[in-house]
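Accompanying notes for the structure given below.
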Amino acid sequence: MNMVQQFDPAQLDLSQDYGTPAINSEVEVTVHIDGMPVTVPEGTSVMRAAAIAGANIPKLCATDNVEAFGSCRLCLVEIEGRNGTPASCTTPCQDGMSVKTQTPRLDKLRKGVMELYISDHPSRLFNLPR
């Protein structure tokens, strides 16, 4: 008996990856993503709600295939009435929440995160062309 399941990337439909797994809940909440209302099951991540609404939030570590852990920090968003910029992949939607996915502040923060990643990239260490 084979207890190990083989991963088959051909079975993944990456064009439909919403960044975090779907939540099964009979309770629904309505949030506003960049001004657009979207109704999702309670507990759905802000990232998934944004993808459903058609908003493109950058991500490196998020996928439907694993639980979100928020390590890449590219999916930062602004939530009205809250301090800071939480990771959208680990932030659950709450009824009435108003989220901005694209602002000058978020652009600056995401650029800084990418600069940190790139600063340690092998092509930079060896002065290879980028």
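Tabulated data for the structure shown
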{"item": "Total formal charge among the other residues, if their Cβ is under 13 angstrom from that of Asp34, Lys/Arg +1 and Asp/Glu -1", "result": "-1"}
{"item": "Cut-off 12 Å between beta-carbons: net charge of the residues surrounding Ile23, Lys and Arg +1, Asp and Glu -1", "result": "-4"}
{"item": "For Ser119, Ser98, Ser45, order by how many other beta-carbon atoms lie within 10 Å, fewest first", "result": "Ser119, Ser98, Ser45"}
{"item": "Residue-count net charge about Asp95 - beta-carbon cut-off 13 Å; Lys, Arg +1, Asp, Glu -1", "result": "-2"}
{"item": "Per-residue Cβ neighbour rank within 10 angstrom, fewest leading, Val38, Val77, Val66", "result": "Val66, Val38, Val77"}
{"item": "Percentage relative contact order, the stretch 17-102, counting C-alpha pairs under 8 Å, at least six apart", "result": "37"}
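Coordinate-derived values only; no laboratory data. Please read all numbers here as calculations on a predicted model, not as lab measurements. No Cβ is skipped: glycine too gets one built from the backbone with ideal geometry, and neighbour counts run over all protein chains shown.
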